[in-house]
Every structure is written in structure tokens, then in C-alpha cells.
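The values are calculated or read from the model by the stated rules, or taken from the named source; none is laboratory data. Since the model is a prediction, treat every value here as computed from it, not as a measurement. Methodologically, a virtual Cβ is constructed for each residue, glycine included, from the backbone with ideal geometry; neighbour enumeration extends over all protein chains shown. The area values use the complete protein model at the heavy-atom level, side chains included, leaving out ligands, DNA and RNA. Shrake-Rupley method; radii C 1.70, N 1.55, O 1.52, S 1.80 Å.
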Amino acid sequence: MSDSNTKWVLSNYKSGTQFPALGFAKHSRCEDWSSCVSSFRVALNDIAQLKLHKKDDHRDCILWARNARRKPEKTLNTILVKQYFYLKAREKFMVNKSFLKQTMKNKTIENEIALLESQAPESQVPEFNTLSSPVVEEHNAEFEAMFKKLDNSLKWFLSTGKCVDDELFVFGIQCSADHPSRSLIIDPYDENYAQYNIFTPEELEEIKLYQKKPMPLPTKEFKAFLNSYNHDSSQKIRTALGANHQFHADYDKDINADKDWVNYVVHSLVREYEFGNMDRQHTEAWYQSHIWSMIESCFDKVKGIEAVTGESASLGSKRRMNQNRTPTAINNMSRLAYGHKCDLVFRQYDHGHNLPLEFGGSEAKPKIEEDYGTNFMKEGLIKLPRMLKDMMDALLKEIGYDNRSTAIRTVGILHSGLSCTMVELDRPTTYVSRVSRSKKIEISNKIEKFGSTVLPAILSSWVCCEIVKDVLNVVVNTPHADNNDDFSWLDTCLERPLLPSMPATSSSSETSRKKQKSRV
């Protein structure tokens, strides 16, 4: 096969043009991208070892191969090749519209032991090598078991007939890393879905808009008050602060809390501009305490909720990580795991009487990044959505998955220096969690753009707080409250409810799998 691939590359390479990567992928007849890269590497090495001659027709190809063999995956990493191998793998899983007939060993441990015992004496039974099986099979076992429990009648079907749940499974089971699809989280803004042609642009738009929850809107009075600071100099802004101050004897925090908070934030930020702090680079802690403290202070008005700072561990993630923890039996009790740490968590007061619920959080980095930045992708596309799902799972369990479930959502904010993006996660259907993202806001370091950049950031913080407040009201207001006529719920209130099968957040991680691979 390597000779055939080598001849194909030599005959199809043309200097000055892009290498036909898709053509090589089809010619190699490889089943997946990684094996195709390996075959391509062998072909390039064979070509690179050929001797150069001045009049050799393959001179340019040999020189190119000597350079390309260092990173052969770079040449094959095209959108068409990605789509080709994704569709090729999809065909393997797609048997009679069932995505669960994989070529995996399904024998139980008991059957394997019985077979060995029947063939050899006990002393000759070979020891099991737990590291001999492919890592990807072990990695997918939990994901497959979760997917098998889902009810087909409750899955999400688009107008095109495509099933979102099934497509996420087919894509997730091919992922080498712990992609959110393995937790049945769909992020329409994740470029993977377009690059691998999993969903068309029209289907992604339908996913974005399906039963989309409205964003809380401020009153005309509050918008007018916020717009009163739409100025381009500290002098004008301070003049507006003087006119809008809330230092009155009849101040009512229940009525004027929002206006007082806006004044507090505006005054704090104006001082940062005046002292030149916006023209310098700072640490992550500085941005959290000097700029994005506006989020923390906005939650002062919400009774029962606080914005916990300082790399607090998410209790939702902690619950999920320890849900299979058991007392010592055959094996010793596993160590207690802690949840994902985040820079800010919107959490109920932890007074020690009840386990507090969480409604969202934020992740921060000191430097602004584009959407293709490594930190942005890790924090914004992987870590934050999974953490928000853990929080949502706890909220849904708290309300018993009743008819209030459609109103539940969690919210997060991504910070990179002076930029912020609000992220929401809801569950428009029974199983699939959906990520929604607002417009990215970048606060200018020039006070001339105070109105056009700072005010949207203040409004975004206010909207985030209002979402949490709305969800809190949904959770705490039980259906049986203030209903003296319906007492039937008392008949079953002491029974442990049978909760429906729900998609669990994937518990695997890139780090642990890398360690496993290194030991194979």
C-alpha cells in the first residue's frame, strides 16, 4: 500500500499548486484521518529518500516531501478531508438508522473468564492486561451506555429530518478529546459542526432559534438613565453623576437599586480612565476587581444569591464527579473529587442548612483573544459549557424535571482583559443542551468611546443578573405553594422519585487519556 501511495503522490504532485489532499485520502482507502496521516507520512519519507538529479521530473516533489514530512498532518488538514472521514465514519455507525451497532467487543467479563477457564487450568489462565485494549474503546463505553438509555421519541428532530441527538453521538464518539458533544451539548458557534458538515448553516440557524428564550429587557426609564452617561469626556460623565446621584434621605434600595448600581459602576470606571489605568496592561486579578467587579456588585440586589469570587469550585461539577462514589467494598473508597474551578460563581447563600444551587459563573483571562485563541477555545467552548450543564442538571433535579424545566437556563460570562461575552445554556428538548452566545463587547481604553463600549458592558452584566433572578424565582416557587385544595402530593412526598434517564456530562478528560496513551 505504501508503494501505491508513493507512486500516487509522485504522479499527482504539481509544483505551485495546492496538494490534492482529498484525492490522496480516497486513494489510500484508510478508514480514519489518523491512519491516513500515517500512510501519508510513509509515502513522504519514501519520496524524501530518493536521490536528486538535475533533470529529474520529480525533483520539485522530492524537495517538497523533505519539508512536508515534518508535519504531514498540516497538508491533510483540509475541510474536505475532514468531511470525507467524518462521513466515512458516520456510515459505519449508521446501520438501519441505528447509531449503536459499533465494531466493539461486547462480551462481558464473566463470559471471558468462563471461556478461559474452560480452555486451561486455573494456573495457566493468563492475566488480563487492562492496558492492551484500545483507549478509544474504553473512552467511548460510558458515552455509548448513556446514549442507549435515551428514548427515541423524545429526541430533537429538525425540519430537515435530521436528529440532533444522533448527530451529536456520531460526532462525539469520533472525537479524540472531550468535546462537549460527548455531553450532548450543541454549540452552534462551534466551527467543527460546519467544517465536518454535520449540520448545514440553515440547520444551525434552526438550532439557534428553536424555542429561544427571550432576553430580559430593561424598562424605558432604566434605559434612559443608562443613556444619560453616553458621553465622551470625564467632565460630562461627572456632571451626569452629579445630576443622577442617589444620596437622598428617601432612598429606597428596592426601587432605586439598579440606578444606584449604575452610578457606582460609572464612577469607578471614570476614575480608572482619569488615572490612566486603562492604558496599561494588568493581571487577571486587576481586571476582576477593577473592571468586572460590576457583575459581582450587580448581584447585591438579589436576595439569596451571591457572586462568589476567587477560583471557587463549582458544586454542580462536584456533584457530578462524585455521583458514582461508593463506600469501601471490593475496592477502597475513591478520593472525593472537586468541581471545576471558575473565577466567579452565581450561587445561593451557603449557610450550611441546605446544599446551595448554582446558576452560572464566569471565566477570566488577562489578555484579550480572538475567537481562535487557545485559551478562548478551552475556556469558552469546552470548560464553561460543561460547567453550566452541571449546574443546570442540579437545577432540573431540584425541580424534579417538572413543567418548569423549559424555563431553566444557566448563564456565564467570558472575560479577556477588557472584553466580555455572555454565554447561556438551556435545554430546548429533553436531552440536548444548547449554548447561546451574545455579541462580544470590548471596552475601549479611550474615554471618548465610553458610551458605545462601557454602557453595553454594564447592560450585559444587568441582563446576566436578571436571568439568574428569573431562574431563582422559578426554582423556589413550587407548584404546591399556597394551594390548600390540592394535598395529593403529600401521598408521595416521602418516596424517592424515579428520575428520567438524562445525558450525563462526560467525565473523561484530555489529561487522563494522554496519561493512559503514554502507558500503552
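Hey, does the stretch 215-225 have a residue that's closer than 30 Å to Val164 by Cα and of a type outside the set (Lys, Arg)?
Yes, the stretch 215-225 contains at least one residue that is closer than 30 Å to Val164 by Cα and of a type outside the set (Lys, Arg).
From Ser405, Ser416, Ser436, which residue is under 19 Å from the mean Cα position of the chain (by Cα), within 30 Å of Asn152 (Cα to Cα) and open to solvent by 10 Å² or more (accessible area, probe 1.4 Å)?
Ser436
Among the numbered criteria (1) more than 29 Å from Glu442 (Cβ to Cβ); (2) touching a strand residue (DSSP E or B) at 6+ places or on another chain (Cβ under 8 Å), which one does Ala249 miss?
Among (1) more than 29 Å from Glu442 (Cβ to Cβ); (2) touching a strand residue (DSSP E or B) at 6+ places or on another chain (Cβ under 8 Å), the lone unmet condition for Ala249 is (2).
Does Ser35 satisfy the criteria of being in a helix (DSSP H, G or I) and surrounded by fewer than 18 Cβ atoms within 10 Å (Cβ to Cβ)? Let's see the steps before the verdict.
Details: in a helix (DSSP H, G or I): yes; surrounded by fewer than 18 Cβ atoms within 10 Å (Cβ to Cβ): yes.
Yes: the conditions hold for Ser35.
Scan the stretch 337-353 for residues that are open to solvent by less than 80 Å² (accessible area, probe 1.4 Å) and in contact (Cβ under 8 Å) with a residue 12 or more places away in the chain and report the count.
Number satisfying all stated conditions: 10.
Mind checking which residues of the stretch 421-437 are without any contact (Cβ under 8 Å) to a residue 60 or more places away in the chain and in a loop (DSSP other than H, G, I, E, B)?
Within the stretch 421-437, Arg427 is the sole residue that qualifies.
Can you name the condition, by its number, that Glu466 falls short on among (1) without any contact (Cβ under 8 Å) to a residue 60 or more places away in the chain; (2) assigned to a helix (DSSP H, G or I); (3) open to solvent by less than 30 Å² (accessible area, probe 1.4 Å)?
Failing condition for Glu466: (1).
Which of the residues spanning the stretch 182-200 are surrounded by 19 or more Cβ atoms within 10 Å (Cβ to Cβ) and in contact with a strand residue (DSSP E or B) (Cβ under 7 Å, 6 or more places away or on another chain)?
Residues satisfying the conditions are Leu184, Ile185, Ile186, Asp187.
In the stretch 320-332, is there at least one residue being charged (D, E, K, R) and either exposed (fewer than 14 other Cβ atoms within 10 Å of the Cβ) or farther than 14 Å from Gly412 by Cβ (or both)?
Yes, there is a match, as at least one residue in the stretch 320-332 is charged (D, E, K, R) and either exposed (fewer than 14 other Cβ atoms within 10 Å of the Cβ) or farther than 14 Å from Gly412 by Cβ (or both).
A quick yes/no check of all residues on (1) without any contact (Cβ under 8 Å) to a residue 60 or more places away in the chain; (2) over 28 Å from the mean Cα position of the chain (by Cα); (3) open to solvent by 30 Å² or more (accessible area, probe 1.4 Å); (4) under 30 Å from Cys163 (Cα atoms):
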site: Ser11; (1), (2), (3), (4): yes, yes, yes, no
site: Lys26; (1), (2), (3), (4): yes, yes, yes, yes
site: Ala65; (1), (2), (3), (4): yes, yes, no, no
site: Lys74; (1), (2), (3), (4): yes, no, yes, no
